[in-house]
Every structure is written in structure tokens, then in C-alpha cells.
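Encoded as C-alpha cells, the structure appears first; notes follow it.
Coordinate-derived values only; no laboratory data. Keep in mind that this is a model prediction, so the values were computed, not measured. Positions of Cβ are generated from backbone atoms using ideal geometry, with glycine treated the same way; all protein chains shown enter the neighbour counts.
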Amino acid sequence: MAPSILAADFGVLAEEISSVAAATDWLHVDVMDGHFVPNLTVGPPVVASLRQHTQLFLDCHLMVTNPNDFLGAFAEGGADSVSVHVEVGETEQLCTEMRRLGLGVGLVVNPETPIENAWPFLELIDLLLVMSVHPGYGGQDFMAEAVPKVAAARERIDELGLPVTIQVDGGIDRKTAKVMAEAGARCFVAGSAVFREADHLGAVRAIHGAAAATLRASGSSG
Ligand code: DX5
Ligand code: ZN
């Protein structure tokens, strides 16, 4: 699980994070630049503040046109992993730079982008994020078109025997987490389904439990 702080109350962010810490190892931080996506959120200073409040793995999803300008600042701020969109280009150079900075390396594929566009970079990355909504906003409906993309990625990664985790993001709740787990996802970003529920911790556990039960039933690990 990677609860997305986008749906949290930013006025009491540290409390919001503490409320889920017992049920997750990761926290998903959505960085938007008002250019790559039509919305603005947070940047490296907020990551640096979060780092003072939590030991959780900070998984930063960069929805920005010029990630190269900010990778150093995210590393410095204490990000654990950074994911860049394949649509911004210069992917190989970005992956090399993230690795050099000691960051986990993630690559993101938008709904309208063929999953095959990620294939040339699979050996360079740790995390492949398949978007199941158009990036930019929380609370959107899950796009079922993402399911076969996850399945194709699972097949390809397994064929090559690579240690790449498939992450999904957008409209993930108990029901869609099951579908995505079945297709091959192993890391589940959820914003609204966690922070818009009264019981944040219970919501994280429920989504995790649904995905884990699906994996157990299908005999998969991870
Ligand atoms: C959307 C972001 C997501 C967002 C998901 O651009 O990348 O991480 O927080 O929100 P929900 O879970 O509400 O769809
Ligand atoms: Zn995200």
C-alpha cells in the first residue's frame, strides 16, 4: 500500500500520516507543476518537512515537465524513490541520474500511452507505475483500460526475470485493488479510499487485505 497524501488534510498532514503509519510502509507524494498536469501541489520543501515527521518510505510521483531540474532537491529533501513520466522523454538519462542520487527509480505510464513504451527501460527501474486515471486529480473513476496494461507488464517483467514492482494509481479501492492484484500489480496507491474515509487505518488495512487475499487465492507471492 502507498496511501496518497493528495486526499489528506494538508493543514494537519503530520497527523494524517501518523494515522496510517501502523498499516503501511510507503507514502505516496503527488507532485504536480500546473503544466504537465493542470493542477499544482507540493514540492521538495514539503518532502523535507515530511521527512522530519515520518520514517515511511517516501514515494514521490513527479507529474512535472522538467523532472531533471528537481531530482537533486528531492534526494536532498529525503525522498526515497522518485517516479517520472515516460511521456516527458529523456527517460534513460533521468533513470541514470536518479540511480546516481541514490533514489529508487520509478517510471509512470499514462492511460493514453501504450505500456510498450516502458519496455526499453525495464532494466533501469525499480517501480513501474501504471496510471488508472488521467493524472492531475484525486477522486476520479478507475479506468478499466489499465487492467490489460498491468497484465502485459506482469508478463513482460516475469519473462525477463526483473525485480520491478508494478504499482497502480487512480481510483484504487478494495474492489479495484483486487482486480489489479489479479492482473499483476503489487503496490497500490490510494488517496480518496483512505483519507476520505473516517477510519484511515481501517481503510488501508481493508485495501491491503483485499489485494493480499486475491494474491493468496491465485498462489502468487509478493
Ligand atoms: C492522480 C494522482 C493520484 C491520486 C489518486 O494524479 O497521481 O496519486 O492521489 O487519488 P485517488 O486514489 O483518489 O484516485
Ligand atoms: Zn500519484
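Looking at segment 38-61, which of its residues are within 13 Å of ligand 1 (Cβ to nearest atom) and over 16 Å from the mean Cα position of the chain (by Cα)? Quick ask: steps written out before the conclusion?
Pass one, segment 38-61, residues within 13 Å of ligand 1 (Cβ to nearest atom): 38-42, 59-61.
Correct list: Pro38, Asn39, Leu40.
Kindly indicate whether any position in segment 122-140 is more than 16 Å from the chain's Cα centre (by Cα), away from ligand 1 (no atom under 11 Å from the Cβ) and either of a type in the set (Val, Ile, Thr) or under 26 Å from Ala213 (Cβ atoms) (or both).
no
Can you tell me which residue is nearest to Leu201 (Cα to Cα) among those in segment 1-56 that are more than 16 Å from ligand 2 (Cβ to nearest atom) and in contact with a His (Cβ under 6 Å, 6 or more places away or on another chain)?
Once the filter is applied, the top-ranked residue is Ser19.
Got at least one residue in segment 202-212 being more than 13 Å from ligand 2 (Cβ to nearest atom), within 21 Å of Ile17 (Cα to Cα), crowded, with 21+ Cβ neighbours inside 10 Å and touching a residue at least 24 places away in the same chain (Cβ under 8 Å)?
Step one: list which residues in segment 202-212 are more than 13 Å from ligand 2 (Cβ to nearest atom), which gives 202-212.
From the residues that got through so far, the ones that are within 21 Å of Ile17 (Cα to Cα) too are 202-209.
When the remaining residues are screened for being crowded, with 21+ Cβ neighbours inside 10 Å, the result is 203-204, 207.
Now restrict to residues that are touching a residue at least 24 places away in the same chain (Cβ under 8 Å): 204, 207.
Scanning segment 202-212, I find at least one residue that is more than 13 Å from ligand 2 (Cβ to nearest atom), within 21 Å of Ile17 (Cα to Cα), crowded, with 21+ Cβ neighbours inside 10 Å and touching a residue at least 24 places away in the same chain (Cβ under 8 Å), so the answer is yes.
How about segment 43-69: which of its residues are closer than 15 Å to Asp33 by Cα and part of a loop (DSSP other than H, G, I, E, B)?
Listed by number, the residues that qualify are Gly43, Val64, Thr65, Asn66.
Which ones in segment 51-102 are touching a residue at least 24 places away in the same chain (Cβ under 8 Å) and basic (Lys, Arg)?
Across segment 51-102, the qualifying residues are Arg51, Arg99.
How many residues does segment 141-175 hold that are buried (at least 20 other Cβ atoms within 10 Å of the Cβ) and assigned to a strand (DSSP E or B)?
Residues flagged as buried (at least 20 other Cβ atoms within 10 Å of the Cβ) and assigned to a strand (DSSP E or B) within segment 141-175 amount to 4.
Which of the residues that make up segment 14-37 are surrounded by 15 or more Cβ atoms within 10 Å (Cβ to Cβ), away from ligand 1 (no atom under 15 Å from the Cβ) and of a type in the set (A, V, I, L, M)?
Answer for segment 14-37, where residues must be surrounded by 15 or more Cβ atoms within 10 Å (Cβ to Cβ), away from ligand 1 (no atom under 15 Å from the Cβ) and of a type in the set (A, V, I, L, M): Ala21, Ala23.
What is the residue count in segment 114-143 for residues that are touching a helix residue (DSSP H, G or I) at 6+ places or on another chain (Cβ under 8 Å), over 26 Å from Thr96 (Cβ atoms) and either away from ligand 2 (no atom under 16 Å from the Cβ) or without any contact (Cβ under 8 Å) to a residue 60 or more places away in the chain (or both)?
Residues meeting the conditions: 2.
Take the residues of segment 93-108 that are under 14 Å from the mean Cα position of the chain (by Cα) and among the β-branched types (Val, Ile, Thr): which is farthest from ligand 1 (Cβ to nearest atom)? Walk me through how you get there before you give the answer.
First, the residues of segment 93-108 that are under 14 Å from the mean Cα position of the chain (by Cα): 104-108.
Those left that are additionally among the β-branched types (Val, Ile, Thr): 105, 108.
On the way: Val105: 18, Val108: 8 Å.
Step by step, filter segment 93-108, then rank; the result is Val105.
Right, Pro111: surrounded by 20 or more Cβ atoms within 10 Å (Cβ to Cβ), within 16 Å of ligand 1 (Cβ to nearest atom) and touching a residue at least 12 places away in the same chain (Cβ under 8 Å) or not?
Working: surrounded by 20 or more Cβ atoms within 10 Å (Cβ to Cβ): no; within 16 Å of ligand 1 (Cβ to nearest atom): yes; touching a residue at least 12 places away in the same chain (Cβ under 8 Å): yes.
No.
Considering each residue of segment 65-77, count those that are more than 14 Å from Val105 (Cβ to Cβ) and within 17 Å of the chain's Cα centre (by Cα), and give that number.
Result for segment 65-77: 0.
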